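What follows is one structure encoded as structure tokens, with my remarks underneath.
The values are calculated or read from the model by the stated rules, or taken from the named source; none is laboratory data. What you see is a predicted model; the values in this text were computed from it and never measured. With ideal geometry, Cβ positions are generated from the backbone for all residues, glycine too; neighbour counts draw on all protein chains shown. Keep in mind that these areas ignore ligands, DNA and RNA; they rest on the heavy atoms of the full protein, side chains included. Shrake-Rupley method; radii C 1.70, N 1.55, O 1.52, S 1.80 Å.
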Amino acid sequence: MNRTLLLIITTIAIIACGCTRQQPSDPRLQRLTLSVDTGPQAAIDSLAAIDPATLGDFDRHYYNFLTVKARDKAYIVHTSDSLILDVINHFGLSPKMAEALYYAGRVYSDLGDYPTALRYFHDALDRISDDPEDNNILRASIASQTARLMLNLRMYSKALPFAETALKCSLNTGDSICSIYDRTLIGNIMVRTGNFGEAEKHYIKALNVARNTSTKDTIEALSELGTLQYESHNYQKSYEILSKLHDQAEVNEVNYILAYLAKSCLKLHRGEDAAQYAKEMLQTGSENNLRIAYYILVQPEVRQYLDPDSIDYYFDKYLDNDSVKITEVVES
């Protein structure tokens, strides 16, 4: 009887340990757990050298977890949910489950299934301890991603509390870089709701921090401030800010800045400059904001600065873009 009871207790203990394990037993996975945040691409290469078939049950699922996490950290777009679903189905009560649910949200965000992504983000927040000091970094990431999805879905009033939570967590942990992104996110939400004054305050605070940390973040904060001036109908101020940036910005941001420069010049009745910026947008080879470039180039006050032989071409390209709506561009 005592031996039977001991066997039952031992079995329960083993199951409990399996459900609540947080770290793998394989030393290679242990090392990668420590390095994946700072060197995701190196982690991906190291994971590729491990045969998951040689791992124990928990470690094999943990291997899949690290694979998804490393790809996300390396900004590789997720194209399948199979790995993360495997992780979630086997992590059970593991303390890592909250993080696994967060990455499930990231996977479904990339897959374009925003409702499912939001559900996983909410589930991840529910798994985190109620202690405000516990898991601040993970809490900030979940809250930030939730706010960004809601912003994309135009759920502005619901997005704001999550963005504010993310900022609070970033400030609590002293993460100045994330605080820049969180303030910019709050500013973006404020712009969408027409609260330009509050948006400007957050952009300026983000800019002040960025100037002490990163040139790239400084440029991004200034570009947000410049576009805010455009949305506030301060076209000259918008032009003054953005005209100093487009030579410094990264390729994927250049067209964004050029679009607002061209639109500002059009509002300021500077047709020649508007034409220059619009043509520069076409020369970058980026697909972003092409409809704005063609819209600028077909405007009467711009056409006089173009080669007459090119005008018909720009009209055709403008009309070929089915998503173009004149009122949408004029009112933006």
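Of all residues in the range 201-215 being in a helix (DSSP H, G or I) and open to solvent by 40 Å² or more (accessible area, probe 1.4 Å), which is farthest from Ile241 (Cα to Cα)?
Filtering the range 201-215 down to residues in a helix (DSSP H, G or I) leaves 201-210, 215.
Add one more test, that the residue is open to solvent by 40 Å² or more (accessible area, probe 1.4 Å), and what stays is 201, 204-205, 208-209, 215.
Values: Lys201: 16, Ile204: 13, Lys205: 16, Asn208: 15, Val209: 18, Thr215: 15 Å.
Looking at the filtered set, the residue picked out is Val209.
Evaluate the range 42-53: report whether one residue or more is under 17 Å from Ala140 (Cα atoms), open to solvent by less than 20 Å² (accessible area, probe 1.4 Å) and out of contact with any Gly (no Cβ under 6 Å at 6 or more places or on another chain). Explain how you work it out, then say what you get.
Taking the range 42-53 first, the residues under 17 Å from Ala140 (Cα atoms) are none.
No - not one qualifying residue is present in the range 42-53.
Conditions (1) open to solvent by less than 50 Å² (accessible area, probe 1.4 Å); (2) within 15 Å of Asp320 (Cα to Cα), marked per residue:
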{"site": "Leu266", "(1), (2)": "yes, no"}
{"site": "His269", "(1), (2)": "no, no"}
{"site": "Gln276", "(1), (2)": "no, no"}
{"site": "Lys279", "(1), (2)": "no, no"}
{"site": "Leu290", "(1), (2)": "yes, yes"}
{"site": "Tyr295", "(1), (2)": "yes, yes"}
{"site": "Val298", "(1), (2)": "yes, yes"}
{"site": "Arg303", "(1), (2)": "no, no"}
{"site": "Leu306", "(1), (2)": "yes, no"}
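Give the residue, chosen from Ile219, Ile189, that is over 26 Å from Gly112 (Cα atoms) and either surrounded by 15 or more Cβ atoms within 10 Å (Cβ to Cβ) or modelled with pLDDT of 95 or more (or both). Before the answer, list the steps.
Numbers: Ile189 fails: over 26 Å from Gly112 (Cα atoms).
On inspection, the qualifying residue turns out to be Ile219.
Could you please let me know if Asp113 is of a type outside the set (A, V, I, L, M), at pLDDT below 90 and either open to solvent by 50 Å² or more (accessible area, probe 1.4 Å) or in contact with a Pro (Cβ under 8 Å, 6 or more places away or on another chain) (or both)? Steps first, please.
Details: of a type outside the set (A, V, I, L, M): yes; at pLDDT below 90: no; either open to solvent by 50 Å² or more (accessible area, probe 1.4 Å) or in contact with a Pro (Cβ under 8 Å, 6 or more places away or on another chain) (or both): yes.
When the stated conditions are applied, Asp113 does not pass them.
Name every residue in the range 216-256 that is charged (D, E, K, R), assigned to a helix (DSSP H, G or I) and touching a residue at least 24 places away in the same chain (Cβ under 8 Å), in order of residue number. Break it down stepwise before answering.
Residues of the range 216-256 charged (D, E, K, R): 216-217, 220, 224, 231, 237, 240, 244, 247, 250, 253.
If we keep only those that are assigned to a helix (DSSP H, G or I) too, we end up with 216-217, 220, 224, 231, 237, 240, 253.
Hits for the range 216-256 are Lys216, Asp217, Glu220, Glu224, Glu231, Glu253.
Quick check on this structure: which one of Tyr102, Tyr75, Tyr108 is under 20 Å from Ala140 (Cα atoms), modelled with pLDDT of 90 or more, not in a helix (DSSP H, G or I) and not polar (S, T, N, Q)?
Details: Tyr102 fails: not in a helix (DSSP H, G or I); Tyr108 fails: not in a helix (DSSP H, G or I).
Among Tyr102, Tyr75, Tyr108, only Tyr75 is under 20 Å from Ala140 (Cα atoms), modelled with pLDDT of 90 or more, not in a helix (DSSP H, G or I) and not polar (S, T, N, Q).
Okay, residues lined up against (1) modelled with pLDDT under 75; (2) outside any helix (DSSP H, G or I):
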site: Thr10; (1), (2): yes, no
site: Gly18; (1), (2): yes, no
site: Gln22; (1), (2): yes, yes
site: Gln30; (1), (2): no, no
site: Thr38; (1), (2): no, yes
site: Ile44; (1), (2): no, no
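Pick from Glu231, Glu272: which is closer than 25 Å to Lys205 by Cα and charged (D, E, K, R)? Give the derivation first.
Working: Glu272 fails: closer than 25 Å to Lys205 by Cα.
Answer to the check: Glu231.
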